[in-house]
1. Considering only DSSP beta bridges whose two residues both sit in segment 151-313, what percent are antiparallel, to the nearest 5?
2. For D39 and T271, FRET efficiency with R0 = 41 Å and r from the beta-carbon atoms, rounded to 0.05?
3. Could you work out the local net charge near V293, counting Lys and Arg as +1, Asp and Glu as -1, over the other residues with Cβ closer than 12 Å to its Cβ?
4. Could you sort the peptides 321-329, 69-77 by per-residue average Cβ neighbour count (10 Å cutoff), highest mean leading?
5. Only four residue types carry charge here, +1 at the Cβ of Lys and Arg and -1 at the Cβ of Asp and Glu. Report the dipole size of the chain about the Cα centre in Debye, rounded to the nearest 20.
6. Along the charge dipole of the chain, which of N141, H257, L62 sits closest to the positive end, that is, farthest toward it, with unit charges on the beta carbon of Lys, Arg, Asp and Glu (+1, +1, -1, -1)?
7. Where a Cα-Cα gap under 23 Å defines reach, which lysines qualify for K189, not counting those fewer than 8 residues away within the same chain?
8. Taking the chain as a Gaussian network, where each spring joins two C-alpha atoms under 10 Å apart, which residue of A203, A27, A319 fluctuates the most?
Amino acid sequence: MIKAGIIGATGYAGGELARLLLGHKEAEIKWYGSKSYIDRKYSEIFQNFFEIVQDPCLDDNLEELSEAVDVIFTATPQGYCSSLISSSILSKCRVIDLSADFRIKDVKVYEEWYGLQHKNPDFIEEAVYGLCEINRQSVKNARLVANPGCYPTCTTLSIYPLLRENLVDVNSIIVDAKSGASGAGRGLKTDHLFCEINENIKAYGVTDHRHTPEIEEQLSYAADASVLINFTPHLVPMNRGILTTSYASLKKGVGYHEVRNAYEKYYKDETFIRILENDVFPQTKWVEGSNYVDINFKIDQRTNRIIIMGAMDNLVKGAAGQAVQNMNIMFGIKEETGLLQTPMFP
């Protein structure tokens, strides 16, 4: 059995990690870390675990806790994991970080967009960006995995084949994205109160959302060229789910079959990426509670632009599910283990 620990276990992503790992036949949770609820029973914080989890929440002493586990998940705010990680910890267990601390390779870019001084840049180069379907081979032997952000996961997977096959103009990409309220975390914020969100939709982080450089970095790797995008996220009144709608200009002579073949080439054997049938477009309801990403596209012949849509659950494939998928890869077990839940409906 893989012995796992969760730091930040009382946030939304931490709670989702607990739910998935409790149903994982080859993993067990040895401890639940939460600085805010030390010594309180975990099931008091998340009542859905009543009579399922008896453990109390522990402090976040990673040096001590790493002695008891094979892998640590850090579902914590930006800057937290980088302040605690050390060679000593990585010599005893593996770490999958759900924050942005090790996703961006240029420390100056990280510090500019997140407004933080990076506390441990020495580990940035070693960290593997854990977008499983693209970096699977690198994840296998990693000690430290940077679990991708939710918007970057959906956006990158949606556009990746087009850039790899040089089918679109890299300078023409526009991404319009919508997310449920859980993407903002469990902390109390006025903008996320029910009365503020309900019956409302709004753009936020316009031109300066901190996932922008992460998306650009990953798309640049795919294109083997520098990619700049316009990225505009929106908050919608639902609990969970992400829908990205991306626009790009097609290269001359590119049509439906070339695009379809590109998606089949890269994703036909991927369990968690579903390329939908022609004229069936992704909806968040059809992936809720699952690790699946639904993708499809439509070509506008009039403008010679392609519209690419992707939908996924921001707490599963966008956070906890992808983290468990990375764990499975790292420990050499079947990648789908613990993650084949059918999407919930309604």
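1. Antiparallel bridges make up about 75 percent of those DSSP assigns within segment 151-313.
2. Result of the calculation: an efficiency of 0.55.
3. Summing Lys/Arg as +1 and Asp/Glu as -1 gives -2.
4. 321-329, 69-77
5. In debye, rounded to 20, the chain gives about 540.
6. The listed residue farthest towards the positive side: H257.
7. Candidates past the 8-residue exclusion: K35, K178, K202.
8. A203
Where a number appears in this text, it was derived from the coordinates with a stated rule and is not lab data. The model shown is predicted, which means the values in this text are computed figures rather than measured ones. Note that each Cβ is placed from the backbone with ideal geometry, even for glycine, and that neighbours are counted across all protein chains shown.
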